[in-house]
Amino acid sequence: MRTMQLFFLIILFSSLSVNAQTWTDEGCYDISWYDESKKNEIDAYTISTPQQLAGLAYLVNNKKEMFLHKTFYLDTDIDLDGKRWISIGLNNGADVFGGILDGKGHTIKNMHIEENIVGGDNHPTSYCFGLFGYSYGGMKFSDVHIGEGSYIHIKQVPYTVEDGISKYYTLYSCLIGSIVAGGAGRIPINGCSSKADIDVSLVQYGRLDLGGIIGAGNVSDCLNSGNITVSAINTIPGQSGYFYTGGVVGYGNASQSTNYGEIESTGHGHIGGIAGFSDIADYCTNYNNVSGKSFDWSNICIGGICGACNAMINCSNLADLKGESHDSPNAGYTTGIYIGGTCGNAETIYNSYNSGNIAISGSNSVASIGGIAGNFYDQDVTLYNCYSHSTLNPTTRNTFDINYNPICCKEGKVSKCYYDNPAFAQDLTIKGTYMPYEQMKTRAFADQLTYQATIINGNGVDMKPYLEDLQANAWTIQEGYSPQLTEKALRVLVVGIIQNYSVTEAPFTVKTEQGEITTEQQYLTADTPVKYQITPNTGFFLDKVTVCDNKSHILFEQESATSFPMPNIPEIHIIAKFTEKSTGITDNVQQNAKINTEGNCITVTTEQPAQLYFISTDGKTDRATTTGGNYVYKTPQPGIYIVRIQIKNQKVIARKVVIDS
């Protein structure tokens, strides 16, 4: 009985440390804004107070109202201080939110989520924690921010203690994110941020998805600055729960997102500055340290951007990484640690860099660490146009089988990759190029990376079908630093001239007997002015300029070589069409009209009376009538003119002529 009494005292003390009152307790919430009789007539609601926000949580969790496809707007900043927050949509059973949230740029501060979870027959086996918990797939969240004083503290506690041994139920799954935990399908989140610190301790579980913004979903233009600490160690040898921990998202795609929070995770799983696992990570940056510890039967993958990913492009890690293997009390178990400057376990990495140092220590482990990638899924992978400015620092004790490499630790298609670690400068087995850091800090190196990035956009690198829409960004340089990625994606420019309905391509100038088209631009960023010159040869004039995409779809046409902003597409073709000048044009069908040009005059000759129209490129039209014979029209200025001849009871004859004097 002594043991049991001690247990209950501990649990009582722990419970007292959690604020007993919640925002969904009676008298704390406001549902006056909701009229159930009109719910099918109202598509949008506005939330202006913490009580109204708590009312939404009460209706979803207690009244099982999903608000399917309804939109909620925040009308002001909200302070949730003084009471514990209960997630809107507690779990993936009946308590589900099916609406849309538009925060309109407002901040929710002092969000306190603090729970001791048990699991078992009388408790949920799946848990969801965040401002929103479980959300119906396909809904979206945007432009909301979790502010100062916010935190999420989750701890698994035993259901009993017998003979001094704590016993735990196995939790099936747990989703945690400050904005939303997750839901059915990949929940999209855009333009959100969080300052909430997250601390999670699980002892016996199946899966944990945890991110600073969302546990499982897709994020874009999101930022996390809260610290994340995870301890998830299964107590049963040989049974391994698995976690995905990321600064922004636990499991899902990430684009244009940033992490400033420190991440520490212990157990079996994937840890990344941005994502634990991501199919695609594009233009993401990590600024704070990422560390992982493995125990016994566990393996961990640690990356500055992703613990593991299928594809990464335009990503930057500027923080240190550390992996640690603890002594194994269970003989026969060996842990595995994979650490990469950008990704621990990768399939494809393009146009990215790492400037953080990497350290590993421990015992009874197998480890692979690389300046860019720790490990590749298989040998049919690609690593292109990346560099690493990093120190690899393995510290061994006891049995430790370690591989380390300034680029990556497994064979693959590695090209145009660079490192500055002099320890590997003479190692010819490394698929990469040694470059001293002083050389990395030059404009020439940044320009070299930018040029090689255009090869990605020009389909010069083998891209998997689902990656074809990804575009490499340009590189820039600041004095005293190595190159950094810009936010502007590169676009490829191809010039050409129509010759027998085909396009002749060239990077700078195309010349034919008809004329030439020239540009000094090989690659641009979106909205940058496209500058080019077209020069007809003697006897020809420019008929039109056609701008197409790389699949020959016409974007627009113009009659002069005027500049235009670069479209936001991977590649464009500028095509010039020339027409031969003629001193006499005869209609091949009627043989009764002729047009001659000389100097600044256009002479129209007809055998019968006719109505004449002279149309300039600015739309101005001059009309004339001829009774037959020659009619001379003096043009007001050089340029292209359309001449239309209307002879009674005959079809209209139209010709384009050029006056160049």
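Within segment 250-260, the set of residues being free of Cβ contacts under 8 Å to residues at least 60 places away in the same chain and open to solvent by less than 20 Å² (accessible area, probe 1.4 Å) comprises Ala254, Ser257, Asn259.
Pull up segment 185-202, narrow it to residues that are surrounded by fewer than 21 Cβ atoms within 10 Å (Cβ to Cβ) and more than 21 Å from the chain's Cα centre (by Cα), then point me to the one that is modelled with the lowest pLDDT.
That would be Ser201.
Tallying residues that are in contact (Cβ under 8 Å) with a residue 24 or more places away in the chain and either touching a Lys or Arg at 6+ places or on another chain (Cβ under 7 Å) or not in a loop (DSSP other than H, G, I, E, B) (or both) within segment 167-176 yields 6.
Rundown of residues vs (1) open to solvent by less than 10 Å² (accessible area, probe 1.4 Å); (2) at pLDDT 90 or above; (3) more than 17 Å from Ser415 (Cβ to Cβ), yes/no style:
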{"site": "Ile305", "(1), (2), (3)": "yes, yes, yes"}
{"site": "Asn317", "(1), (2), (3)": "yes, yes, yes"}
{"site": "Leu321", "(1), (2), (3)": "yes, yes, yes"}
{"site": "Asp327", "(1), (2), (3)": "no, no, yes"}
{"site": "Ile349", "(1), (2), (3)": "yes, yes, no"}
{"site": "Gly356", "(1), (2), (3)": "yes, yes, yes"}
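Just one of the listed residues (Ile78, Ile31, Ile88) is more than 19 Å from Ser150 (Cα to Cα), at pLDDT 95 or above and among the aliphatic types (A, V, I, L, M), namely Ile31.
Output yes when any residue across segment 58-71 is in contact (Cβ under 8 Å) with a residue 40 or more places away in the chain and in a strand (DSSP E or B), and no when none is. No, because not a single residue in segment 58-71 is in contact (Cβ under 8 Å) with a residue 40 or more places away in the chain and in a strand (DSSP E or B). Residues that are of a type in the set (Gly, Ala, Ser) and without any contact (Cβ under 8 Å) to a residue 40 or more places away in the chain were ranked within segment 616-661; the one that is surrounded by the fewest Cβ atoms within 10 Å (Cβ to Cβ) is Gly619.
Of all residues in segment 264-300, those that are among the hydrophobic types (A, V, I, L, M, F, W, C), open to solvent by less than 10 Å² (accessible area, probe 1.4 Å) and over 21 Å from the mean Cα position of the chain (by Cα) total 1. Just one of (1) under 26 Å from Ser415 (Cα atoms); (2) at pLDDT 75 or above fails for Asp469. It is (2). Taking first residues from segment 436-463 that are more than 24 Å from Ile572 (Cβ to Cβ) and acidic (Asp, Glu) and partners that are open to solvent by less than 70 Å² (accessible area, probe 1.4 Å) and at pLDDT below 90, no Cβ contact under 8 Å between residues at least 6 apart in sequence or on separate chains turns up. Restricting attention to segment 153-183, the residues being within 34 Å of the chain's Cα centre (by Cα), at pLDDT below 90 and either open to solvent by 40 Å² or more (accessible area, probe 1.4 Å) or under 13 Å from Val248 (Cα atoms) (or both) number 1. All conditions in (1) of a type in the set (A, V, I, L, M, F, W, C); (2) at pLDDT 90 or above; (3) in a helix (DSSP H, G or I) hold for Ile10, with the sole exception of (2). Within segment 507-527, being of a type in the set (Val, Ile, Thr), part of a loop (DSSP other than H, G, I, E, B) and surrounded by fewer than 16 Cβ atoms within 10 Å (Cβ to Cβ) holds for one residue alone: Thr512.
Residues being in a strand (DSSP E or B), touching a His at 6+ places or on another chain (Cβ under 9 Å) and either β-branched (Val, Ile, Thr) or at pLDDT 80 or above (or both) are entirely absent from segment 377-384. Of the strands (runs of 3 or more DSSP E) entirely within segment 261-361, those holding at least 2 residues that are closer than 18 Å to Arg207 by Cα occupy 263-267, 269-272, 275-282, 290-294, 299-303, 306-313. Looking across Ala423, Ala444, one residue alone is at pLDDT 85 or above, farther than 30 Å from Asp549 by Cβ and open to solvent by 30 Å² or more (accessible area, probe 1.4 Å). It is Ala444.
Taking the numbered list (1) hydrophobic (A, V, I, L, M, F, W, C); (2) open to solvent by less than 40 Å² (accessible area, probe 1.4 Å); (3) outside any strand (DSSP E or B) in turn, Val547 passes all entries but (3).
The values are calculated or read from the model by the stated rules, or taken from the named source; none is laboratory data. Here the structure is a predicted model, which is why all the values come from computation and not from measurement. No Cβ is skipped: glycine too gets one built from the backbone with ideal geometry, and neighbour counts run over all protein chains shown. Note: accessible area is taken over every heavy atom of the protein model, side chains too, but ligands, DNA and RNA are not part of it. Shrake-Rupley method; radii C 1.70, N 1.55, O 1.52, S 1.80 Å.
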